Amino acid sequence: MNTINAEDLVKEKHVVKVGNLAIGGRDLVVIAGPCAIESYDQLLQTATSIKRSGANILRGGAYKPRTSPYSFRGKGEEGLRILKEVKELTGLPVITEVMDARQIENIAEVADMLQIGSRNMQNFTLLTEVGKLKLPVLLKRGLAATIEEWLFAAEYILSEGNDKVVLCERGIRTFETYTRNTLDVVAIPAVKELSGLPVILDPSHGTGKRTLVSPAAMAGIAAGADGLIIEVHPNPEEALSDGPQSLDLEQFEQFMNRLDRVAETFGRSL
Ligand SMILES: [Mn+2]
């Protein structure tokens, strides 16, 4: 067993503000939306519905890192324009993934929070660049990253002066293939013990299966997660990315009702 030399890690408790929201306080923050922005109608319909169900932040990818280059890789700048319009119409703050330092300028004009995806967790050039910004950053755990590697990736951002870092557990690669990844629920209290950073759980990528999203999310709240990021699509069967793990609008509404009761049990509120 490895003991992390934690002397260099940030210790003081961080509460990260995104607009009027605070991540890391008593209130849970729920981020929801499609994996990828596909059209104006798709995003607006999703945003209106998740807002009504109680979600706090809209997610939607314009630049998508895909395993195969032949898969749908996002709508790029057009996706950002759609995101901006939907944000203005609904009043929801938005988060979107930045894959490359060259995209930062365009994305920062729209996004209230930047997402660094698993595949870029150790892209130190990108981490250094977002560290120079004032925008909050959601740092996903790499798909084969240890807790120590993940926390030191966060330090790359923090050490540049951006202290608005939120960690995101999204499962790691193991021998198990039934689930897309193996969700490491214990990593949530572990990183909170080692650092002062808030943690959000991604049960969508953590399981890869729609039916497992809710149980995984509830376990995460019980383990002390400060919020959730959930993939939601108006018609998951036709989603261009991650349909099998996406909840439809009605399933998300039911999910939020259940979450409300579970949150209360653990002394949190929505
Ligand atoms: Mn996805």
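The values are calculated or read from the model by the stated rules, or taken from the named source; none is laboratory data. If you're wondering where the values come from, they're calculated on a predicted model, not measured in any experiment. Cβ: placed from backbone, ideal geometry, glycine included. Neighbour counts: every protein chain shown. Protein only, heavy atoms only, side chains kept; ligands, DNA and RNA dropped before computing areas. Shrake-Rupley method; radii C 1.70, N 1.55, O 1.52, S 1.80 Å.
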**Fill in**
Gly196 meets each of (1) closer than 19 Å to Ser118 by Cα; (2) more than 15 Å from the ligand (Cβ to nearest atom); (3) not in a helix (DSSP H, G or I) with one exception, condition (1)
**Message:** With the requirement that a residue be within 14 Å of the ligand (Cβ to nearest atom) and either hydroxyl-bearing (Ser, Thr, Tyr) or in contact with a Phe, Trp or Tyr (Cβ under 7 Å, 6 or more places away or on another chain) (or both), what does the range 69-90 give you?
**Reply:** Ser71, Gly74
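Helices (runs of 4 or more DSSP H) wholly in the range 1-113 with at least 1 residues that are under 18 Å from Leu247 (Cβ atoms) and open to solvent by less than 70 Å² (accessible area, probe 1.4 Å) - which ones?
Numbers: elements: 40-53, 77-90, 104-108.
In the range 1-113, 40-53 are the helices (runs of 4 or more DSSP H) which contain 1 or more residues that are under 18 Å from Leu247 (Cβ atoms) and open to solvent by less than 70 Å² (accessible area, probe 1.4 Å).
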**Asked** If you scan the range 209-223, which residues turn out to be in contact with a Phe, Trp or Tyr (Cβ under 9 Å, 6 or more places away or on another chain) and surrounded by fewer than 18 Cβ atoms within 10 Å (Cβ to Cβ)?
**Response** Lys209, Ala222
**Request:** Sort out which residues of the range 131-150 are more than 16 Å from the chain's Cα centre (by Cα) and either acidic (Asp, Glu) or assigned to a helix (DSSP H, G or I) (or both), and write them in order of number.
**Result:** Gly131, Ile147, Glu148, Glu149
**Prompt:** Of all residues in the range 244-254, how many are in a helix (DSSP H, G or I) and touching a residue at least 60 places away in the same chain (Cβ under 8 Å)?
**Reply:** 4
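Okay, residues lined up against (1) within 16 Å of the chain's Cα centre (by Cα); (2) within 21 Å of Ile37 (Cβ to Cβ):
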site	(1), (2)
Leu158	no, no
Val166	yes, no
Gly171	yes, no
Leu194	no, no
Ser204	yes, yes
Ala219	no, no
Ala222	no, no
**Message:** Filter the range 139-182 down to the residues that are without any contact (Cβ under 8 Å) to a residue 60 or more places away in the chain and farther than 18 Å from Arg119 by Cβ and list them by number.
**Reply:** Ser159, Glu160, Gly161, Asn162, Phe175, Glu176, Thr177, Tyr178, Thr179
